[in-house]
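Data first, discussion second: the structure below is written as structure tokens.
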Amino acid sequence: VWLLTLSYLYLELTTDERSMGVFILPIVIGLQIIPAAVPGTEYADPVLDSPWFWIHVSSLLFAYASFGLAGMLGVTYMLQFKEIKKKHLGYLYTRLPSLNVLDVMNSRAVAVGWVFLTLGLIVGAVWTSQARVAAPNDPNLQAMAFNDPKIFVAVLTWAVYSFAVVARRMWGWTGRRAAWFSAAGFAI
């Protein structure tokens with residue numbers, strides 16, 4: 001929740017756009033209520049007690065928070081686009097930023113998320129290789145392979161967003177294409 005808030009704060013400061021906060025705040029509050037209402041159990045496997053692991057987890061959480069923000073911005077872009085296309089400039093049109101500003105915010109959120117996802121995957125690979133040397137018989141470490149759903153989805157997400165970053169930079173995919181990619185990437 002805090003990383004999502006930090007991601008949004010970065011976007012707000014770099015784009016000088018303040019109107020999206022009204023849409024982000026209910027999501028942040030809702031996500032904050034979940035752990036307060038349903039506390040989890042605390043069990044920490046000793047193999048996880050490594051600074052590499054915490055850098056890995058923090059990077060991935062920040063990446064997914066940024067991608068969540070980008071997905072929401074993509075959906076917002078599409079809603080704003082539909083209103084403009086129908087020439088029905090109503091409630092959303094007057095309260096949302098322009099399509100250009102939404103596209104810039106989306107681009108920055110995807111770029112930040114991609115950097116942190118890449119960092120998280122690299123640090124995770126380094127941590128896993130070091131942990132396997134330190135605890136070669138740990139069953140949790142032995143289960144960490146590409147066929148592990150967490151790892152597979154993280155790599156798939158990285159591939160989708162890598163394509164989105166390359167498509168934006170090389171082929172000029174902006175606007176609706178970028179918005180759809182952001183929403184689809186977050187859904188994955």
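The values are calculated or read from the model by the stated rules, or taken from the named source; none is laboratory data. Predicted model, so just to flag it, every value in this text is computed and none were measured. Note that each Cβ is placed from the backbone with ideal geometry, even for glycine, and that neighbours are counted across all protein chains shown. Calculation scope for accessible area: heavy atoms of the full protein, side chains included, ligands and nucleic acids excluded. Shrake-Rupley method; radii C 1.70, N 1.55, O 1.52, S 1.80 Å.
Looking at V165, V155, which one is of a type in the set (V, I, T), without any contact (Cβ under 8 Å) to a residue 60 or more places away in the chain, under 17 Å from V112 (Cα atoms) and crowded, with 16+ Cβ neighbours inside 10 Å?
Values: V155 fails: crowded, with 16+ Cβ neighbours inside 10 Å.
One residue alone meets the criteria, V165.
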Among residues of segment 154-188 being in contact with a helix residue (DSSP H, G or I) (Cβ under 6 Å, 6 or more places away or on another chain) and among the aromatic types (F, W, Y), the residue nearest to S66 (Cα to Cα) is F186
| Taking L102, is it closer than 23 Å to Y10 by Cβ, open to solvent by less than 30 Å² (accessible area, probe 1.4 Å) and of a type in the set (A, V, I, L, M)? | yes
Result of the Cβ filter at 6 Å on segment 99-128, keeping first residues that are at pLDDT below 95 and partners that are among the charged types (D, E, K, R), at least 6 apart or interchain, is V101/E17
Scanning segment 1-40 residue by residue, those without any contact (Cβ under 8 Å) to a residue 12 or more places away in the chain and of a type in the set (G, A, S) turn out to be G30, A36, A37, G40
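Residue by residue through segment 42-59, note down the ones that are modelled with pLDDT of 70 or more, out of contact with any Phe, Trp or Tyr (no Cβ under 7 Å at 6 or more places or on another chain) and within 15 Å of Q130 (Cβ to Cβ).
From segment 42-59, those modelled with pLDDT of 70 or more are 42, 48-59; that's our starting set.
Restricting the remaining residues to those that are out of contact with any Phe, Trp or Tyr (no Cβ under 7 Å at 6 or more places or on another chain) gives 42, 48-49, 51, 54-55, 57-58.
L48, D49, P51, W54, I55 - these are the residues of segment 42-59 that are modelled with pLDDT of 70 or more, out of contact with any Phe, Trp or Tyr (no Cβ under 7 Å at 6 or more places or on another chain) and within 15 Å of Q130 (Cβ to Cβ).
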